[in-house]
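What follows is calculated from the coordinates using simple rules that are stated; it is not laboratory data. The structure presented is a predicted model; accordingly, all values stated were derived computationally and were not measured. Neighbour counts are summed over all protein chains in view; Cβ atoms, including those assigned to glycine, are modelled from backbone coordinates with ideal geometry.
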Amino acid sequence: MGHIDHRTQVQEFLSSRRARITPERAGLPAYGSNRRVQGLRREEVAMLAGVSVDYYVRLERGNLSGASENVLLALAEALQLDEAERDHLFSLARAAGPSRQYSRLKEQTTVRPGIQQVLDAITDTPAWVRNRRYDIIAANTLGRALYSPLFEDPRRPVNAIRFVYLDRAAGDFFVDWEQVASDTAAKLRLEAGRNPYDKALIQLVGELSTRSDSFRQRWASHDVRFHRSGLKRYRHPVAGRLDLNFESMELPSEPGLQLNVFTAPAGSPSADGLSLLASWVATSEPAETASEASTPGRD
């Protein structure tokens with residue numbers, strides 16, 4: 001895959017969102033059961049958004065160039081987009097503009113020493129930092145121990161989405177693999193809309209699309225999703241079953257990087273599992289320290 005075609009992204013995203021909205025859900029009369037399209041017709045979306053049919057057809061054919069904020073908001077309302085989908089729509093519109101500012105963004109594959117010091121100061125719970133491509137570019141000791149199956153891959157930086165789809169161990173490691181797979185594809189689609197000129201991201205999508213039917217099917221759905229907090233369930237090879245709450249937060253000083261922290265309720269079996277994990281780390285000699293997790297050059 002040499003590139004992610006922008007017009008196709010727009011066309012398939014808008015048409016797929018239109019297809020899921022029934023007239024009844026949109027508050028429109030269905031006019032019988034002989035409808036020739038799934039979901040809303042283009043003219044119905046145009047009416048709901050307050051634009052002409054010709055203009056909406058132009059938008060759905062992939063031409064978002066020049067679409068105003070008011071038009072995008074009206075379109076988001078008509079298609080009943082959630083927060084992540086609205087973010088994606090606006091990202092696609094920005095990418096259609098003349099400036100193409102995204103081409104100047106460079107993905108980080110290392111962190112400043114100060115960020116690593118923050119991670120190392122978090123001693124009793126796993127934590128790591130990722131970039132937009134879901135490369136884990138830094139971790140504390142417990143973070144690397146928790147995700148030790150990922151670090152068995154010699155390539156650096158470790159990529160969480162590549163592990164989910166291309167490593168057979170992922171099905172055992174993630175209790176809810178199907179949900180994790182759907183979430184990761186949706187998150188990567190969101191990032192592709194925000195930064196469509198990231199060559200390494202395009203290469204990752206191409207690799208996953210070529211080697212994984214599961215990824216290809218999920219990618220084609222054009223689903224997008226935020227994943228800021230929730231529950232992750234693991235079968236860790238040393239600590240056993242771990243049900244961990246996670247919080248994902250952006251680092252204001254490092255645009256594009258996110259800090260993920262994993263915790264367990266005090267006194268829970270998972271808290272005991274984290275203690276076991278910490279003991280394992282303390283008594284073993286890992287082949288790679290947490291601060292070396294992002295060292296490039298092992299491809």
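Tally Lys/Arg at +1 and Asp/Glu at -1 over every other residue whose Cβ is under 13 Å from the Cβ of G62; what's the total?
0
Going by Cα centres, the range 115-171 and the range 176-204 are how many Å apart?
When both Cα centres are located, 17 Å separates them.
How many nm separate the modelled label positions at Q217 and E254, each set 7 Å beyond the Cα in the direction of the Cβ?
Rounded to a tenth, the inter-label distance reads 3.6 nm.
Whole-Hz Karplus ³J(HN,Hα) for the range 12-17, in order, using 6.51 cos²θ - 1.76 cosθ + 1.60 and θ = phi - 60°, x for Gly and Pro?
6, 5, 5, 5, 6, 5
Which entry is the computed volume of the Cα convex hull per residue in Å³ for this structure: [x] 125; [y] 156; [z] 113?
Recomputing volume of the Cα convex hull per residue in Å³ here gives the entry labelled [y].
Fewest Cβ neighbours within 10 Å first, please rank L28, L277, L242 accordingly.
By the 10 Å Cβ count, ascending, the order reads L28, L277, L242.
At 222 nm, what helix-only mean residue ellipticity would the chain give, in deg cm²/dmol to the nearest 500, using -39500 (n - 2.57) for each DSSP H run of four or more? Working shown, then result.
On the way: 14 runs with 137 residues, N = 299.
Only helices count here, giving -13500 deg cm²/dmol.
Check each of the trypsin sites (Lys or Arg not before Pro) in the range 69-169 and keep only those in coil by DSSP with at most 15 other C-beta atoms within 10 angstrom; list them in order. Please list the in-between numbers first.
Details: sites: R86, R94, R100, R104, K106, R130, R132, R133, R144, R155, R162, R168; in loops: R100, K106, R132, R133, R155, R168.
Hits after loop and neighbour filter: R100, K106, R155, R168.
Under a Cβ-Cβ cut-off of 15 Å, what is the net charge of the residues other than G273 that fall near it, where Lys and Arg count +1 and Asp and Glu count -1?
Values: positive: K232, R233, R235, R241; negative: D124, D243, D272.
Value of the local net charge: +1.
Please list 3J(HN,Hα) in residue order for the range 189-202, calculated via the Karplus relation 6.51 cos²θ - 1.76 cosθ + 1.60 where θ = phi - 60°; whole Hz, with x for glycine and proline.
Once rounded to whole Hz, the list reads 4, 4, 5, 5, x, 6, 9, x, 10, 6, 4, 5, 5, 4.
Please work out the ratio of the alpha-carbon Rg of the range 6-99 to 2.2 N^0.38 Å and round it to two decimals. It would help to have the intermediate numbers written out before the result.
Working: Rg = 12.9 Å, N = 94, 2.2 N^0.38 = 12.4 Å.
The value comes to 1.04.
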